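Asks: Once you've had a glance at the structure underneath, I'll fire off some questions.
The values are calculated or read from the model by the stated rules, or taken from the named source; none is laboratory data. Remember, it's a predicted structure, so these values are computed and weren't measured experimentally. In this analysis, Cβ positions are derived from the backbone assuming ideal geometry, glycine residues included, and neighbour counts consider all displayed protein chains. Just the protein is used for accessible areas: all its heavy atoms, side chains included, with ligands, DNA and RNA removed. Shrake-Rupley method; radii C 1.70, N 1.55, O 1.52, S 1.80 Å.
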Amino acid sequence: MRIHIATDHAGLEFSTQLQHHLAEQGHDVVDHGPLEYDAVDDYPAFCIRAAQAVVRDQAAGIPTLGIVFGGSGNGEQIAANKVVGIRAALVWNIATAELAREHNDANVIAIGARQHTFDEASSFIDRFIATPFSGEERHVRRIAQIAAFEQDGSLLPDPRAGLEAGPSVLAADSSSFDPEAG
């Protein structure tokens, strides 16, 4: 499988280790990150380029996934998700790595390189790569809704549209809403 990766300075050492780890498993690794350490470099362009490459390869029928990482993984996930066709998920344990693929057919994961040891993060990545999309109808339907919004802004009808008072912040008194529940 081809794996596109990107980071900024926060994950540069992690990136080098990860490239070796993935190559040893037989993956074709393409690095979109910096060439050298720069404490003030910016992750958006690196992560967006990796995400664009994932979309291009997938459109060409090449089995491809992406991994973006930085200090927390948050900004990197946001940047990757700006690319049409990307479903990037922030992963922080084995379960989120599996669910990102099984339920969301995520094609990119983001990881906080400063939040985990290399062994932890590489185990999340290995699980992400090994886990297939379930293909269950409900997940396919939800992914299609996200893609439709991405393409033309369409959403399912608002169930509150047309109500006399319009949408409310709190549920009606007769509902099961319990403000004391916390």
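Asks: Consider I111 against the criteria (1) of a type outside the set (G, A, S); (2) surrounded by 15 or more Cβ atoms within 10 Å (Cβ to Cβ); (3) assigned to a loop (DSSP other than H, G, I, E, B): it satisfies all of them except one. Which criterion is unmet?
Replies: Of (1) of a type outside the set (G, A, S); (2) surrounded by 15 or more Cβ atoms within 10 Å (Cβ to Cβ); (3) assigned to a loop (DSSP other than H, G, I, E, B), only one is false for I111: (3).
Asks: Among the candidates A148, A144, which residue alone is among the hydrophobic types (A, V, I, L, M, F, W, C), open to solvent by 10 Å² or more (accessible area, probe 1.4 Å) and more than 17 Å from the chain's Cα centre (by Cα)?
Replies: A148
Table: residues versus (1) free of Cβ contacts under 8 Å to residues at least 24 places away in the same chain; (2) basic (K, R).
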{"position": "T96", "(1), (2)": "no, no"}
{"position": "D105", "(1), (2)": "no, no"}
{"position": "V108", "(1), (2)": "no, no"}
{"position": "R141", "(1), (2)": "yes, yes"}
{"position": "D158", "(1), (2)": "yes, no"}
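Asks: Within segment 1-48, can you find the residues that are open to solvent by 50 Å² or more (accessible area, probe 1.4 Å), under 19 Å from H116 (Cα atoms) and not hydroxyl-bearing (S, T, Y)?
Replies: Selection gives E13, Q17, Q19, H20.
Asks: Residue by residue through segment 49-74, note down the ones that are hydrophobic (A, V, I, L, M, F, W, C) and crowded, with 24+ Cβ neighbours inside 10 Å.
Replies: A50, A51, V54, I67, V68, F69 - these are the residues of segment 49-74 that are hydrophobic (A, V, I, L, M, F, W, C) and crowded, with 24+ Cβ neighbours inside 10 Å.
Asks: If you scan segment 64-88, which residues turn out to be farther than 21 Å from D152 by Cβ and among the charged types (D, E, K, R)?
Replies: Hit for segment 64-88 is E76, nothing else.
Asks: Mind listing just one residue for me: the one in segment 88-108 that is open to solvent by 10 Å² or more (accessible area, probe 1.4 Å) and assigned to a loop (DSSP other than H, G, I, E, B) and, of those, nearest to G61 (Cα to Cα)?
Replies: Here the residue is D105.
Asks: Could you identify the single residue in A60, A50, A39 that is under 23 Å from S122 (Cβ atoms) and of a type in the set (A, V, I, L, M, F, W, C)?
Replies: Going through A60, A50, A39 in turn, just one is under 23 Å from S122 (Cβ atoms) and of a type in the set (A, V, I, L, M, F, W, C): A50.
Asks: Oh, and also: Given the conditions (1) open to solvent by 40 Å² or more (accessible area, probe 1.4 Å); (2) charged (D, E, K, R); (3) free of Cβ contacts under 8 Å to residues at least 40 places away in the same chain; (4) assigned to a loop (DSSP other than H, G, I, E, B), which single one is not true for E120?
Replies: Looking at each condition in turn, E120 falls short on (4).
Asks: Output the residue which, of all residues in segment 75-87 that are assigned to a helix (DSSP H, G or I) and in contact (Cβ under 8 Å) with a residue 12 or more places away in the chain, is surrounded by the fewest Cβ atoms within 10 Å (Cβ to Cβ).
Replies: Across segment 75-87, the extreme among qualifying residues is G75.
Asks: Condition check: at pLDDT 95 or above, acidic (D, E) and either open to solvent by 80 Å² or more (accessible area, probe 1.4 Å) or in contact with a Gly (Cβ under 8 Å, 6 or more places away or on another chain) (or both). Does E164 satisfy that?
Replies: The answer is no for E164.
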